[in-house]
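The values are calculated or read from the model by the stated rules, or taken from the named source; none is laboratory data. Values in this document were obtained by computation on a predicted structure and should not be read as measured data. No Cβ is skipped: glycine too gets one built from the backbone with ideal geometry, and neighbour counts run over all protein chains shown.
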Amino acid sequence: MGDWAGRTEEVQREVGTRHMGKEEARRVLLRRTYDAAVEDVWDACTDRERVSRWFVPVSGELKPGGHFRLEGHAHGEILRCEAPELLKLSWLFGDDPDFGEVELRLMAEGEERTVLELEHVAAVPEEVWDHFGPGAAGLVWDLTALGLHFHLLGGPVGDLAAWRESDEAREFMTRSSEAWGAAYEASGAPADVAAPAVTNTTAFYAPRREDGDR
């Protein structure tokens, strides 16, 4: 599948806050460019059959006002859908009604390049944010954006669940965690706050293996 770990450098990351309703919520933003037409990227992100090839199976009414469910993951309502440029979703886990929102923005750069921005705004409990910082959500979106990259190349993405146990996946996730830590510092977080968040995120997603483990 290529240099997975090095692909972390193709992503721009931002960390901040934004009001969601009456509350100030945490915000992470991922930006990367794909060598594909904007219509193709849009279709890959909104067609149920294609989404299942590079992310997870999705069900529901994929239209404004409809509801969706990602198998084993989030669910919510489609708040805005303006093809091929904007998709806004409520992003919920379990019964929490105020967990967050995800907004996907696509911008054509010529006929065969597309800039994707994915912004996730969430009411993250302070104890969770203090422990993980932006990496808990950001790393997952890095993995998601990487799966989309390989899907758009036209080849099979492969077994992502199996890949996540590999050494190259651990390297990718380690670099992603560090990159989100750098974005956290760039947003104004002190180094002694960002560093433990990186350590905790890396330990959660790519825990150190015991000697003898494969």
task = For the stretch 47-61, indicate whether the set of residues that are among the hydroxyl-bearing types (Ser, Thr, Tyr), out of contact with any helix residue (DSSP H, G or I) (no Cβ under 9 Å at 6 or more places or on another chain) and modelled with pLDDT under 95 is non-empty.
result = yes
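Here's a check for you: in the stretch 171-209, which residue that is touching a strand residue (DSSP E or B) at 6+ places or on another chain (Cβ under 7 Å) and in a helix (DSSP H, G or I) is surrounded by the fewest Cβ atoms within 10 Å (Cβ to Cβ)?
Quick first cut of the stretch 171-209, residues touching a strand residue (DSSP E or B) at 6+ places or on another chain (Cβ under 7 Å) only: 179-180, 183-184, 187.
The next check asks that each one be in a helix (DSSP H, G or I); those that pass are 179-180, 183-184.
Values: 179: 20, 180: 30, 183: 24, 184: 24.
Among residues in the stretch 171-209 that are touching a strand residue (DSSP E or B) at 6+ places or on another chain (Cβ under 7 Å) and in a helix (DSSP H, G or I), the one surrounded by the fewest Cβ atoms within 10 Å (Cβ to Cβ) is 179.
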message = Just the residues that are modelled with pLDDT under 95 and surrounded by fewer than 19 Cβ atoms within 10 Å (Cβ to Cβ), please, taken from the stretch 113-125.
response = 123, 125
request  = Check whether at least one residue in the stretch 115-126 is in a strand (DSSP E or B), out of contact with any helix residue (DSSP H, G or I) (no Cβ under 6 Å at 6 or more places or on another chain) and β-branched (Val, Ile, Thr), and report yes or no.
outcome  = yes
query = Does the stretch 26-39 contain at least one residue that is more than 19 Å from the chain's Cα centre (by Cα) and on the phi > 0 side of the Ramachandran plot?
reply = no
Close pairs from the stretch 47-62: first touching a residue at least 12 places away in the same chain (Cβ under 8 Å), partner assigned to a helix (DSSP H, G or I) and surrounded by fewer than 14 Cβ atoms within 10 Å (Cβ to Cβ), Cβ under 6 Å, at least 6 apart = 58/48
ask   = Is it the case that some residue within the stretch 65-76 is in contact with a strand residue (DSSP E or B) (Cβ under 9 Å, 6 or more places away or on another chain), exposed (fewer than 13 other Cβ atoms within 10 Å of the Cβ) and under 16 Å from residue 144 (Cα atoms)?
value = yes
query = Across the stretch 128-170, what is the number of residues that are of a type in the set (Phe, Trp, Tyr), modelled with pLDDT under 90 and either outside any helix (DSSP H, G or I) or closer than 26 Å to residue 197 by Cβ (or both)?
reply = 1
ask   = For residues in the stretch 11-31 being within 22 Å of residue 177 (Cβ to Cβ) and not hydrophobic (A, V, I, L, M, F, W, C), which is surrounded by the fewest Cβ atoms within 10 Å (Cβ to Cβ)?
value = 17
note = Picked from the stretch 102-112 (must be out of contact with any strand residue (DSSP E or B) (no Cβ under 7 Å at 6 or more places or on another chain) and either part of a strand (DSSP E or B) or charged (D, E, K, R) (or both)), the residue surrounded by the most Cβ atoms within 10 Å (Cβ to Cβ) is 112
note = The lone condition residue 88 fails out of (1) farther than 26 Å from residue 153 by Cα; (2) crowded, with 17+ Cβ neighbours inside 10 Å is (1)
task = Please specify each residue of the stretch 41-92 satisfying the condition of being over 15 Å from the mean Cα position of the chain (by Cα), of a type in the set (A, V, I, L, M, F, W, C) and in a loop (DSSP other than H, G, I, E, B).
result = 62, 83
